[in-house]
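For reference, the structure discussed in these notes is given below.
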Amino acid sequence: MDNNLDWGNLGFAYRKTNERYVSNYKNGTWDEGCMTTDDMVTISECAGVLQYCQACFEGLKAYRTEDGRIVTFRPDLNAQRMEDSAKRLEMPLFPKDRFVEAITKVVQANKEFVPPYGSGGTLYLRPYMFGSSPVIGVKPADEYQFRVFSTPVGPYFSGGAKPITICVSDYDRAAPHGTGNIKAGLNYAMSLHAIVTAHNNGYDENMYLDAATRTKVEETGGANFLFVTKDNKVITPKSDSILPSITRRSLMYVAKEYLGLEVEEREVYFEEVKDFVECGLCGTAAVISPVGKIVDHGKEIIMANGNTQMGPVIQKLYDTLTGIQMGRIEAPEGWIKVIE
């Protein structure tokens, strides 16, 4: 392992590692792909990604389990979601089996950067695809590049997951029938002004409402919502314009099958939020971030059971899912892919 790294204080930032995976699409087919030490990308000044944002990406982690294995969590679902993103953006599909193979190769080539068990760190993996050939008229590119790089990261929230304060945003994250349900880079670009505005106003994140009626809860800039009712039912918003989070889907399964809780995926009206007792934001980076307070233009909604610390239900969900990921709790069939 690289002893120059302080595993307990990595932070959530990019660090160059040994090798990354690259495959190019040309004349209607993907080449066989290769590993490279070159971390620079060279493309035309008129590349489709630079002109019309034709790009999509994924995010997942590799980590060491309690028994010392290096594993990834449900990479097949990332492969499927990237395929769904590519379809929507008129990009060629990168085969799902090759996606998982690329992940495996990148982890194996950079295994010394996988933080030790118990450090709180992981090896973050970023698969992405973009239009690489020149495009000046508004149309899909003819050539594409698929890449995977890795970087060791610490916990998304250093110092523990303290309840955060979020605000109801005046901006819309995604249009009905738009691209909110895929992991397109453009979705994140248009959320940057909203998150900077929220930070400048003293909030940690935004709550986006549906663009059509602005009455229903959708998601934040990079995470899905989970709510807990007074009687411990776990509810998550259902919408065609939110990203289908792999973490959220896993947590809902854990809630029902491991914890025996009632779960429901349905439309959640903002008017209901005041009646929930816990709220969490779920995604790959942090697993679950507890929300203690939601501010709607000066009106405060306090999460009764999770205002000062992670609420009891969200804590159980967090402990169970991370226990599955780290090998302390037996995982459902197919959830854990052992790399080494």
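Would you point out which residue out of Tyr253, Tyr258 is open to solvent by 70 Å² or more (accessible area, probe 1.4 Å), in contact with a helix residue (DSSP H, G or I) (Cβ under 6 Å, 6 or more places away or on another chain) and closer than 29 Å to Thr72 by Cβ?
Going through Tyr253, Tyr258 in turn, the sole match is Tyr258.
Any idea which of Asp67, Asp76 is open to solvent by less than 80 Å² (accessible area, probe 1.4 Å) and either acidic (Asp, Glu) or touching an Asp or Glu at 6+ places or on another chain (Cβ under 7 Å) (or both)?
Of the residues listed, the single one that is open to solvent by less than 80 Å² (accessible area, probe 1.4 Å) and either acidic (Asp, Glu) or touching an Asp or Glu at 6+ places or on another chain (Cβ under 7 Å) (or both) is Asp76.
Answer yes or no: is there a residue in the stretch 286-297 that is within 18 Å of Lys61 (Cα to Cα) and in contact with a strand residue (DSSP E or B) (Cβ under 7 Å, 6 or more places away or on another chain).
Scanning the stretch 286-297, I find at least one residue that is within 18 Å of Lys61 (Cα to Cα) and in contact with a strand residue (DSSP E or B) (Cβ under 7 Å, 6 or more places away or on another chain), so the answer is yes.
May I ask you to list pairs of residues, at least six apart or on different chains, whose Cβ atoms are under 7 Å apart, with the first in the stretch 329-340 being touching a residue at least 24 places away in the same chain (Cβ under 8 Å) and the second being in a loop (DSSP other than H, G, I, E, B)?
Final answer for the pair search is Trp335/Arg74; Val338/Arg69; Glu340/Arg69.
Across the stretch 282-328, which residue is least open to solvent (accessible area, probe 1.4 Å) among those that are without any contact (Cβ under 8 Å) to a residue 12 or more places away in the chain, of a type in the set (D, E, K, R) and within 26 Å of Asn201 (Cβ to Cβ)?
Only one residue fits best here, namely Glu300.
State all residues of the stretch 79-90 that are out of contact with any helix residue (DSSP H, G or I) (no Cβ under 6 Å at 6 or more places or on another chain) and open to solvent by less than 10 Å² (accessible area, probe 1.4 Å); if no residue qualifies, say none.
Hits for the stretch 79-90 are Met82, Ser85, Ala86.
Any idea which of Val100, Val106 is closer than 18 Å to Ile336 by Cα and open to solvent by 10 Å² or more (accessible area, probe 1.4 Å)?
Val100
Can you tell me how many residues within the stretch 259-276 are under 23 Å from the mean Cα position of the chain (by Cα) and either under 21 Å from Lys316 (Cβ atoms) or touching a residue at least 40 places away in the same chain (Cβ under 8 Å) (or both)?
The number of residues fulfilling the criteria is 5.
Do you know which of the residues in the stretch 1-43 that are among the hydrophobic types (A, V, I, L, M, F, W, C) and assigned to a strand (DSSP E or B) is most open to solvent (accessible area, probe 1.4 Å)?
My answer is Cys34.
Pairs please, first residue from the stretch 154-179 and at pLDDT 95 or above, second anywhere and basic (Lys, Arg), Cβ atoms under 6 Å, 6+ apart in sequence or on different chains.
Sorted first by the residue in the stretch 154-179, then by its partner, the pairs are Thr165/Lys293.
Yes/no per residue for (1) over 13 Å from the mean Cα position of the chain (by Cα); (2) without any contact (Cβ under 8 Å) to a residue 60 or more places away in the chain; (3) outside any loop (DSSP other than H, G, I, E, B):
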site	(1), (2), (3)
Arg214	yes, yes, no
Gly221	no, yes, no
Lys230	yes, yes, no
Pro244	no, no, no
Leu251	yes, no, yes
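Which ones in the stretch 72-98 are part of a helix (DSSP H, G or I), of a type outside the set (Asp, Glu) and free of Cβ contacts under 8 Å to residues at least 40 places away in the same chain?
Ala79, Gln80, Lys87, Lys96 - these are the residues of the stretch 72-98 that are part of a helix (DSSP H, G or I), of a type outside the set (Asp, Glu) and free of Cβ contacts under 8 Å to residues at least 40 places away in the same chain.
Six or more apart or on different chains, Cβ under 6 Å: which pairs go from a residue in the stretch 105-134 that's farther than 14 Å from Val71 by Cβ to one that's in a helix (DSSP H, G or I) and modelled with pLDDT of 95 or more? Could you list them?
The qualifying pairs are Phe130/Val49; Gly131/Gly48; Gly131/Val49.
The values are calculated or read from the model by the stated rules, or taken from the named source; none is laboratory data. No experiment lies behind these values; they were computed from the predicted model shown. Virtual Cβ from ideal backbone geometry, glycine too; neighbours counted across all protein chains shown. Areas reflect the complete protein model, heavy atoms only, side chains present, ligands, DNA and RNA absent. Shrake-Rupley method; radii C 1.70, N 1.55, O 1.52, S 1.80 Å.
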